Amino acid sequence: MKSSIGWMALGALIAGCTSMAPTGPSAVATLEPTMGNTARGTVTFTQKGDKVVMRADVTGLTPGGHGFHVHEKGDCSSGDGMSTGGHFNPRGKPHAAHTTVERHAGDLPMLVADAGGNASMVVELDVMTVGAGDADIVGRGLIVHKDPDDYKTQPTGNSGARVACAVIRRS
C-alpha cells in the first residue's frame, strides 16, 4: 500500500512539472559559424501564452558579451551573415534592450560567454511570436555578433561582425 501511494505521489509531481513547461508552438535555430569564426549552438523558442520562452546554448565565443538578434531574412548563404538583413522590426520601433517596451521584435538579451567561450540562457520574451501574427519569428534569421550590444546605437546596437547564423524553423 505504501509503495502505491509513493508511486501516485511521484506521478502527480511529474504531471505538475510537465504542466509548467511551455507547450505552445515551437521553433529551433541551429547556429553555425560564419566564415573564420567558431561560434555554434542551438536556440529554441516556445510560445507560452503571450510570451516566448527562449533557451540558448552557444559555444565557441570569445569571453564576454555578444549582441544577439533575430534578423529579417532566414538566409545564411552569404557566409558572413549579412544575407539575413537588418534586425526584425515589423512595428517600426527603435533598437533597445529586451526589457524596453518600445523595441525591435528581434532585440534579444545579450549573450555573455564565460572564460571557456560558452553562453547559456533561458528567458521569457514578449513582442514576438512563434507561428502567428506580424511578429512571427519563424523563417527569420538569428545572429550572434562579435561585440556587446550598446542598446543605443541605431539601428543595430553597434554589435560588430556576425559570428554565427541560423534560420529559425518551426519544430
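The values are calculated or read from the model by the stated rules, or taken from the named source; none is laboratory data. Computed from a predicted model, the values in this text were never measured in an experiment. Quick reminder, even Gly has a Cβ in these numbers, built from the backbone with ideal geometry, and neighbours come from all protein chains shown.
A compact table of results
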{"quantity": "Hey, Asn89 assigned to a loop (DSSP other than H, G, I, E, B) and surrounded by 16 or more Cβ atoms within 10 Å (Cβ to Cβ) or not", "calculated": "yes"}
{"quantity": "Subset of the range 130-155 [aliphatic (A, V, I, L, M) and touching a Gly at 6+ places or on another chain (Cβ under 8 Å)]", "calculated": "Val130, Ile137, Val138, Ile143, Val144"}
{"quantity": "Strands (runs of 3 or more DSSP E) contained in the range 25-81 and holding at least 3 residues touching a residue at least 24 places away in the same chain (Cβ under 8 Å), within 14 Å of the chain's Cα centre (by Cα) and surrounded by 18 or more Cβ atoms within 10 Å (Cβ to Cβ)", "calculated": "26-33, 40-48, 51-59, 68-71"}
{"quantity": "Residues of the range 155-171 classified as more than 19 Å from Arg40 (Cβ to Cβ), in a loop (DSSP other than H, G, I, E, B) and out of contact with any Lys or Arg (no Cβ under 9 Å at 6 or more places or on another chain), total", "calculated": "3"}
{"quantity": "Search result, residues across the range 58-99 that are of a type in the set (Lys, Arg) and touching an Asp or Glu at 6+ places or on another chain (Cβ under 9 Å)", "calculated": "Arg91, Lys93"}
{"quantity": "Condition met for Gly81 (at pLDDT 95 or above, touching a Lys or Arg at 6+ places or on another chain (Cβ under 9 Å), small (Gly, Ala, Ser) and on the phi > 0 side of the Ramachandran plot)", "calculated": "yes"}
